[in-house]
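> First the structure, then my questions, so here it is.
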Amino acid sequence: MKLLLITMLTLGVTGVARGQLAPAGTGGVAALATTLRQLGSNKRVLMIGAHPDDEDTQLLVLLARGMGAQAAYLSLSRGEGGQNLIGPELGPELGVIRTEELLSARELDGARQFFTRAYDFGFSKTAEETFRFWPRDSILKDVVDIIRRFRPQIIISVFSGTPADGHGQHQVAGIVARQAFDLMRDSAGGPLKFYRSTRGDTSATTLALPVGLLDPILGQSYFQIAMASRSRHRSQDMGQLQRAGPATARVALIATKTGMATTTDASVFGGVDTAIHAPGYAALIDSARAVLTPWRPSAALPYLVRALRVLGAADAEQRGLLERAIAIAAGVSLDGTADDGIVTQGERLQVEVGIWNAGDSIVRVDSINVGAPAGWTLERLESGLPSVAPGAVVSGRFVLTVARDAERTQPYFLRRPLTNRGGLYDWSMVPAVVRGLPFEPPPVTATVRLFIGGEPVTLTREVVYRYRDQAIGEIRRPIFVTRDLDVAITPDELLWPIDGGGRGGSHEPRHFTITTTERMRGSAATARATVTAPAGWPSPDAESLAFAREDESKSVTVAVAPPAADSLKPGRYDVRASAVTSDGRKLDGSLEIIDYPHIRPRALSRPSVAQIRAARLALPGLSRVGYVRGAADRVPEALLAVGVPLDLISSDSLARGDLSRYDAIVIGSRAYETEPALVANNGRLIEYARNGGLLIVQYQQYPFVDGGFAPYPLHIARPHDRVTDENASVTALDPAHPVFHYPNEIGPDDWRGWVQERGLYFAHDWDTTYVPLLETHDPPPNPLQELKGGLLVAPVGRGTYVYTGLSFFRQLPAGVPGAFRLFVNLLGLKRRNVP
């Protein structure tokens, strides 16, 4: 396990983008020089924060690349409760993206990555609230376990553990970091020093560290590398400028091991024994560094081989790094490829393991092996030659058969439901060696044992699917496991209006799309797509499907309706999809692949189930509604599903289209950050409102107010006003306003069942032309702060302008009835001619 992690770490210096897995090669002098920095001493630092993008990348880069330390970042959560600027994923899917963004950042800054069980349930304002979802003893146990495994001498907390940290989850990260240090500092091998980052409180600094220094390997300063690392958090709009010149990272020494002098703050490792106690070992590593040249990395090889003999088994992690350095210096690299990427139960996979000796000396091969999950069977076809001559490649070929009961690929932390009110992942069935890792190790690995310079060296590499793209060239993808057929159903959540009148009433059927993907290799296949309606409902007829090739998808649309218009009662119902193979097997579920250019592709399993929530909902008489999609915005699909006649407005239509044809135009959340045509043509939208249109703008961030895109001044506080308790009380400031009456009467029940929050980025102050319609606030123990900027309405010429910070982008896709009723009432303001 350790060796595999080290190998994956050192491959990161090649400069290959995270979305493209690294091709065969050693990584060259840059990889060797970077690895040599981490050899010869024992420096270990663990940084602790609450979320992806909390980490101080300047410190991590300086520690890992500048000081040669083994640095790691422990994020309590995976950031599932955040927003997503780059795609539609929220919740667990967003957590997968943000985990990968952390790994992409770590490839640049050279650190490692760990997690606890904490699930980001959304913004909280106090540590007390956070501890209700993240039990202190559970999170503390996870942090202590990581400390025991990683064995840091130094702990750096990103946060202070006080209300000054703001976010309650930030406060908890600071609290448990300090508590874990206090528990462990006097134990054998426990941490010696506890620092806190002072990037938000420079007056408390006790140690300033220059990060504007040039990294001679990469040709950029540590600060520039850190900003590139931080920019990998693309889903959170964290792009940074990589400016040259002086820069400083700052920390404060807070505590030390009992009896340790407090004057050890001249450097991070002041007073810390960082020596590896193997006689002559450090001197040999120094000699290897001294002779290393770009044109002859092999000059370091004799010193590294001697260092391996001296080190022996004294330090397994140092040995793993050293073996990797020896392979790089000798010009030896390992590759492992397969002939398929999405594999199915029982499939025979062709695997080739290649050893390339690009050096000038013969390398003896002791063994070539392929590792796979339990139940998979391996057949060796060719084991390769006993030695690899200079300039040659030796390959071992295998047939790997996937187990008949192999499960679909699923990240280990998503295999069981959340616990503790949705605040913790359930790791009860997860092996201890996997807990806290970003993901479980890859399913198939290649391992070789070689003799280089007479010493045994073991290398491990992930086996991947490699193919040729005629435009791009070589493409490498991870291996994922699924069933013979993947079956997906959309929409997966839907609100079914009862007695709604007009379009979309309960008497009309709803349509679901069933997409079946054939994953079997070989000849053509047939199947039948089936849908099981809720109990007592008629089920649609099965649809016959014919597939000509692997990975081909076929979609069918089916209509589902209750047996009678008046038989639909409020409640929840499930619609299930499946596919029946030609030999009678009934398969369901699907593999969802999350794939963005800046991160490694990841797969997760989804059930073939659509959840229906039946609720009373009346729609106003509308002929057409325009919608500008925003970030992570699935509101248009939710509105279409309940019968709102909606068109997505294209960039071209924003610039040149006839906007007057719309009864209302809705702007999606954060669309002013994601749609340049909206920014360029905002004046046309304001003019549309002046001419009698209804313009509804969902929550936006600071670029919206800074750009002055609203018709009258409004401002958002820094930090912004938000209500984090989804059950917070809501008061109508003008109970007679039509938004509370047409076409739905809004009452207390409509504020029940909301998810994660009431809203965010409320207006803080505004021009008197706006009329605030709601007041809401978080309950105690939060300080009472009555917020009235969550729903503002203003007349604009002959039309109406609405700004709302209510989190419709979460509520409508989740099928929250009250949120739907309020939103369609907003659409009804045009019909009521309300300013």
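> Provide the gained length on full extension for the span LEU784 to ASP273, in nm with one decimal, where the gain is 0.36 nm per separating residue minus the Cα-Cα distance.
Additional length available on full extension: 178.9 nm.
> Where does the chain land at 222 nm, in deg cm²/dmol rounded to the nearest 500, when only DSSP H runs of n ≥ 4 count, each adding -39500 (n - 2.57), divided by all residues?
On the way: 19 runs with 178 residues, N = 835.
The per-residue figure over the chain is -6000 deg cm²/dmol.
> Under 9 Å from the Cβ of THR581, count the other residues' Cβ atoms, weight Lys and Arg +1, Asp and Glu -1, and hand me the total. List each step's numbers first, then the result.
Values: positive: ARG528, ARG585, LYS586; negative: ASP484, ASP583.
Local charge sum for THR581: +1.
> If you restrict to DSSP beta bridges whose two residues both lie in the chain, what percentage is antiparallel, to the nearest 5?
Around 70 percent antiparallel, to the nearest 5.
> Straight-line reach from LYS257: which lysines fall under 24 Å, measuring Cα to Cα and dropping same-chain residues less than 8 apart?
Straight-line reach from LYS257, under 24 Å: LYS43, LYS141, LYS193.
> Also: With every protein chain left in place and a probe of 1.4 Å, what is the accessible surface of ARG758, to the nearest 10 Å²?
Estimated to the nearest 10 Å², ARG758 gives 10 Å².
> Excluding ligands, DNA and RNA, what is the solvent-accessible area per residue of the chain at a probe of 1.4 Å, expressed in Å²?
The answer is 38 Å² per residue.
> Where does each of 180-187, 91-98 land if you order them by average Cβ count within 10 Å, highest first? Could you put the intermediate results ahead of the total?
On the way: 180-187: 18.1, 91-98: 22.9.
Taking the mean over residues of other Cβ atoms within 10 Å, the ranking is 91-98, 180-187.
> Related question: Nearest 20 debye, what's the magnitude of the dipole of the chain about its Cα centre given +1 on Lys and Arg Cβ and -1 on Asp and Glu Cβ?
I would put it at about 1180 debye.
> Oh, and also: Please compute the modelled spin-label separation between ILE472 and GLU379, points set 7 Å along Cα→Cβ, answer in nm with one decimal.
Label-label distance for GLU379 and ILE472, simple model: 3.2 nm.
> Could you work out how far helix 28-37 tilts from the main Cα principal axis of the chain, as a 0 to 90 degree angle to the nearest 10?
Roughly 80 degrees between the two axes.
> Through the Karplus equation 6.51 cos²θ - 1.76 cosθ + 1.60, θ set to phi - 60°, convert the phi angles of segment 405-411 into ³J(HN,Hα) values in whole Hz; use x for Gly and Pro.
Coupling constants for segment 405-411: 10, 4, 7, 4, 4, 7, x Hz.
> On the protein heavy atoms, probe 1.4 angstrom, tell me the percent of accessible surface of the chain carried by carbon and sulfur.
Taking all protein chains in place, the chain shows 52 percent carbon and sulfur surface.
> Also: Tell me, what ³J(HN,Hα) does each residue in segment 383-394 have, in order and in whole Hz, if you take phi through Karplus 6.51 cos²θ - 1.76 cosθ + 1.60 with θ = phi - 60° and put x for Gly and Pro?
Values, residue by residue: 9, x, 7, x, 8, 10, 6, x, x, 9, 10, 10 Hz.
> Using only Cα atoms and rounding to the nearest 10 degrees, what angle (0 to 90) does helix 168-184 make with the longest principal axis of the chain?
Between the helix axis and the principal axis of the chain, the angle is about 30 degrees.
The values are calculated or read from the model by the stated rules, or taken from the named source; none is laboratory data. Everything quoted here is computed from the prediction, not taken from an experiment. Because the Cβ atoms are built from the backbone with ideal geometry, glycine has one as well, and the counts that use them run over all protein chains shown. Calculation scope for accessible area: heavy atoms of the full protein, side chains included, ligands and nucleic acids excluded. Shrake-Rupley method; radii C 1.70, N 1.55, O 1.52, S 1.80 Å.
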